[in-house]
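To start, the structure under review is shown below, and the notes come after it.
The values are calculated or read from the model by the stated rules, or taken from the named source; none is laboratory data. What you see is a predicted model, and the numbers here were worked out from it, not measured in a lab. Quick reminder, even Gly has a Cβ in these numbers, built from the backbone with ideal geometry, and neighbours come from all protein chains shown. The protein model used for the area step is the full one, side chains on, heavy atoms only, and it has no ligands, DNA or RNA in it. Shrake-Rupley method; radii C 1.70, N 1.55, O 1.52, S 1.80 Å.
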Number of protein chains: 2
Amino acid sequence: MMNDEEVILVNFWSSPFGCRVKIAMEEKGIPYKYIEEDLFNKSSFLSAINPVHKKVPVLVHNHKPICESLNILEYVDEIWSDRSPRFLASDPHQRAQARFWANFIDRELYEASQKIYIGKGEEQVVGKNEVLRILKLVEGELGDKPFFGGDNLGLVDITLVPFYSRFYTWETFGKFSIEEECPGLMAWAKRCMQKESVAKSLPDPLKTYNFILELNKYYYKK
Amino acid sequence: MMNDEEVILVNFWSSPFGCRVKIAMEEKGIPYKYIEEDLFNKSSFLSAINPVHKKVPVLVHNHKPICESLNILEYVDEIWSDRSPRFLASDPHQRAQARFWANFIDRELYEASQKIYIGKGEEQVVGKNEVLRILKLVEGELGDKPFFGGDNLGLVDITLVPFYSRFYTWETFGKFSIEEECPGLMAWAKRCMQKESVAKSLPDPLKTYNFILELNKYYYKK
């Protein structure tokens, strides 16, 4: 890593997507400057670095922005390929498997979970069932391995584990227990939390819950 | 490429997603066995090779299935990395840019376009405007380059060009002209069609239109 490199992460503290990037940078030991974006009053800087989506996280590396969290994870793994751990294995089939599951989580879990804390009545139940279906499929893929990446955190681990901060919110709104439904996945999440890279990156579950409560009051007059 | 390799593409003829894989295989010159899946009576083979989504395309390489079209394109580029062209550049920032745009197209264009030929009234107009917004953003990214990949087809070209077969359907249902709205993108599409890999892989626009008409009658009693 060159000394004159500039690495900036533009994020919002509760974002599970931005949390992925924080974990990745901690795992590789890459220092970076953190800029907290005000999502309720988005900056012109954010529009400039992510004109298509205007969303966090964005990684700005030597003045070049990279958007979308999974895309950033692949970039970080490639540009700092000399730093372990590698988030993707070298075998193309294992890489394809990891990308499949990371994309599956990325496309489905957040949207399903929103139904639990934004929806009411029947929609909440639908959301809970969707979240459990996704988590059980993912738990099946984990199997007996300590991490999806094997012995180390890999692309799928880093994609999924930020949602652990939201389990309390999902369980409280949805009135269910992920520990009861997916014990293997909970054991995995606790294993991840033993890693300093994860423990220091995940937002506090109660702070997250209170934030979502406030957000609901503000937007949906719940 | 070893002689004892087995490469199978499971697809449905009108799928723009499967068409991506056909183009990729033609570009690299990889022979494969084609299996047409009956989407109205899905096979147990499809459930076995894509248990999560039960969708085409699936590439089965030496008995290992790979699902999701962009994932397959990356796999094909990695496993046959000795065959040109490479769909992704070697520079990590260029790779991240290409993945960003390929994912943007993959996530937004098909869904927006469905509103044009499935929706009615106002929803059709919304769909048309969304499709044009996406195409214009993509056209801006192309700029003055002959292809998104530079001088050759790359990940973004292969992701986008199968939709060219559907332009006639979108324009007929939505009553608009892509040529008028996005002349640069139309010139790009015609450039792509001069490649044999593209011309032989794309389904016929009129056959596609008639198929979607029949599908609408069947499902939506239009």
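Some notes on this structure:
Quick grid of which residues meet (1) more than 9 Å from chain A (Cβ to nearest Cβ); (2) at positive phi; (3) modelled with pLDDT of 95 or more; (4) out of contact with any Gly (no Cβ under 8 Å at 6 or more places or on another chain):
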{"position": "B:Ser69", "(1), (2), (3), (4)": "yes, no, yes, no"}
{"position": "B:Pro92", "(1), (2), (3), (4)": "no, no, yes, yes"}
{"position": "B:Ser113", "(1), (2), (3), (4)": "yes, no, yes, no"}
{"position": "B:Leu132", "(1), (2), (3), (4)": "yes, no, yes, yes"}
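So that you can scan it fast, the table gives a plain yes or no per residue for (1) in a loop (DSSP other than H, G, I, E, B); (2) open to solvent by 20 Å² or more (accessible area, probe 1.4 Å); (3) outside the structural domain of B:Lys120 (by TED's automatic domain parsing):
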site	(1), (2), (3)
B:Trp170	no, no, no
B:Phe176	yes, yes, no
B:Glu179	no, yes, no
B:Gly184	no, yes, no
B:Lys190	no, yes, no
B:Ile212	no, no, no
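- Qualifying residue in segment B:125-136 (condition: open to solvent by 10 Å² or more (accessible area, probe 1.4 Å), under 30 Å from A:Arg95 (Cα atoms), within 19 Å of the chain's Cα centre (by Cα) and in contact (Cβ under 8 Å) with a residue 12 or more places away in the chain): no
- Only a single criterion out of (1) within 14 Å of chain A (Cβ to nearest Cβ); (2) on the phi < 0 side of the Ramachandran plot is not satisfied by B:Phe45, namely (1).
- Any hit, segment A:139-155, residues being closer than 30 Å to A:Leu213 by Cβ, in contact with a Lys or Arg (Cβ under 9 Å, 6 or more places away or on another chain), more than 9 Å from every other protein chain (Cβ to nearest Cβ) and open to solvent by 10 Å² or more (accessible area, probe 1.4 Å): no
- Hits in segment A:87-111 - residues which are buried (at least 20 other Cβ atoms within 10 Å of the Cβ) and of a type in the set (Gly, Ala, Ser): A:Ala96, A:Ala98, A:Ala102
- Selected residue [touching a residue at least 24 places away in the same chain (Cβ under 8 Å), more than 14 Å from chain B (Cβ to nearest Cβ), under 28 Å from A:Leu135 (Cα atoms) and of a type in the set (A, V, I, L, M)] from A:Ile35, A:Ile8, A:Ile23: A:Ile23
- The one condition in (1) modelled with pLDDT of 95 or more; (2) surrounded by 15 or more Cβ atoms within 10 Å (Cβ to Cβ) that A:Gly119 fails to fulfil: (1)
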